[in-house]
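A short write-up of the structure that comes next.
Please treat every number below as a calculation from the coordinates, not as lab data. Note that the structure is a prediction, hence the values are computed from the model and not measured. All Cβ positions, glycine included, derive from the backbone under ideal geometry; neighbour counts span all protein chains shown.
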Amino acid sequence: MKKCVLILLISFLAFEVGAQKKQGKLNKENIAIDYLTSSFTTYDQLQKKIWSTPELGFLEEKSSAALQKHLSDNGFTIENKVAGIPTAFIATYGSGSPVIGILAEFDALSGLSQDTVPYEKAVVTGGNGHGCGHQLLGTASTAGAVAIKKWIEATGTKGTIKIFGTPAEEGGGGKVFFAQDGYFKNVDVVLDWHPASENSVNISTNLARISIIYQFHGIPAHAAANPEKGRSALDGVEAMDNMVNMLREHIPSDARIHYVITDGGGLSPNVVPAHAEVSYYVRAKNTTELFDILNRVDNAADGAALGSGTTVTKKRLAGAIYPILPNKALSKLIQKHFERVGGVQWNEKEQAFAVEIAKSTKTSVQELEKVRIVKPYDENLFGQLKSGSSDVGDVSWNVPVGSFVAATFVPGSSGHSWQNVAAGGTTIGTKGALVAAKVFALTAIDLFSNPKLIIPIKQEFEKLRGENFKYTPIVLGKPELNYRLKK
């Protein structure tokens with residue numbers, strides 16, 4: 001009898017100790033979560049400050065400075081002008097391993113100026129706007145990092161948190177230059193998120209992308225008096241574009257080719273254009289297909305030049321990007337903590353705003369409910385190909401990356417739309433951003449508390465990359481810092 005009582009007592013004490021340890025861990029996590037919950041106004045103001053001064057890629061001086069100042073004020077060491085980019089930075093806190101990175105973006109888009117109203121209304125006609133929500137992306141990453149820092153500081157835990165302030169995701173490929181210069185070499189895991197109209201972990205992949213500029217050179221002449229002496233550079237561009245449009249039928253169905261004529265050769269129809277320029281994107285699911293299609297586009301340019309009696313020069317821009325390499329082990333860890341945080345809860349004012357936005361996209365009110373939930377993890381979606389591209393891809397081939405999206409926009413809104421600019425600049429955007437920040441905090445705390453979790457993440461990463469893989473940028477070079485400036 002005494003033996004049974006003793007066994008029960010020991011079991012009870014063991015249970016109590018385990019419960020206390022678990023409770024202790026939860027209480028420590030609350031240091032980060034409570035900070036974020038109580039700092040809504042701080043991060044609402046920060047994201048709106050960046051939203052109100054939308055800056056294009058590599059030109060994000062005010063946006064980058066705002067994030068750097070907040071991180072510096074909260075004890076982070078700042079290294080700026082990273083990778084030869086004036087607006088790039090790395091903010092670091094802590095010491096030793098593990099080293100956890102978080103990606104932060106802050107560039108806007110041209111032509112998407114929009115007020116925080118549920119109908120189309122530009123703040124500045126033709127101005128910039130945050131149609132992809134990068135003001136929220138950078139703010140949430142910063143908020144999550146500060147929360148993690150407060151937890152590290154309070155618990156005395158060993159480890160390092162790094163924020164990578166990466167400019168010009170929209171076409172400039174800022175992260176490529178971080179990868180090219182080796183800034184991810186000593187990082188164990190990188191966490192990433194993106195604003196969206198739902199809450200889910202991203203385990204898909206996407207398309208590799210390369211940017212090329214074709215400049216045609218002809219001979220000017222009077223188009224009426226002596227046209228036989230001229231050779232039209234614009235003819236070269238148009239002939240090339242026609243051939244590429246015919247090429248579309250004969251490339252893989254998931255590949256993409258886009259172009260825009262950036263220089264039509266002048267303003268006077270009676271002058272044979274001596275110069276013309278066309279800018280192309282080529283996208284494909286891997287670099288082998290990418291270069292195969294690119295070579296055929298190059299051949300179209302050469303043929304067009306030959307046929308029009310012009311010459312052509314080709315410039316492959318640095319910042320070409322890899323497809324994303326997803327990671328199941330890290331994604332499942334993020335999913336666990338995402339479900340703990342939950343979705344976004346709108347108040348009556350936010351709900352009414354969202355309903356009006358939904359009317360503009362003919363979206364049902366019932367669809368709006370999905371912002372409240374976190375989609376379940378579906379392993380069948382692992383590696384599913386999506387048609388976009390992101391410079392997160394280059395990061396993911398250098399270090400394991402886990403990505404997710406949080407609801408900062410109104411369901412039914414398309415990407416790069418005035419609806420996203422409008423919603424993102426309100427508390428609807430801020431609430432989604434703080435959901436993301438909490439997911440960052442809980443995931444990083446788990447990795448810092450139990451570094452053994454990183455082992456299977458890295459093992460999977462090495463297996464998926466393949467034996468003897470060595471990262472090389474698709475196009476080696478320097479960032480095109482003026483690519484967003486009008487000519």
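Scanning the stretch 434-487 for residues that are of a type in the set (Ser, Thr, Tyr), crowded, with 17+ Cβ neighbours inside 10 Å and assigned to a helix (DSSP H, G or I) yields a total of 1.
Which ones in the stretch 200-240 are surrounded by 20 or more Cβ atoms within 10 Å (Cβ to Cβ) and either assigned to a helix (DSSP H, G or I) or of a type in the set (D, E, K, R) (or both)? Correct list: Arg209, Arg231, Ala233, Leu234, Asp235, Gly236, Val237, Ala239, Met240. Among the residues of the stretch 187-199, the one identified as part of a strand (DSSP E or B) and among the small types (Gly, Ala, Ser) is Ala196. Exactly one residue out of Gly96, Gly84, Gly129 is under 21 Å from Thr160 (Cα atoms) and in contact (Cβ under 8 Å) with a residue 40 or more places away in the chain: that is Gly96. Surrounded by fewer than 17 Cβ atoms within 10 Å (Cβ to Cβ), within 16 Å of Leu385 (Cα to Cα) and touching a residue at least 12 places away in the same chain (Cβ under 8 Å) - does that describe any residue in the stretch 273-295? Within the stretch 273-295, one or more residues are surrounded by fewer than 17 Cβ atoms within 10 Å (Cβ to Cβ), within 16 Å of Leu385 (Cα to Cα) and touching a residue at least 12 places away in the same chain (Cβ under 8 Å).
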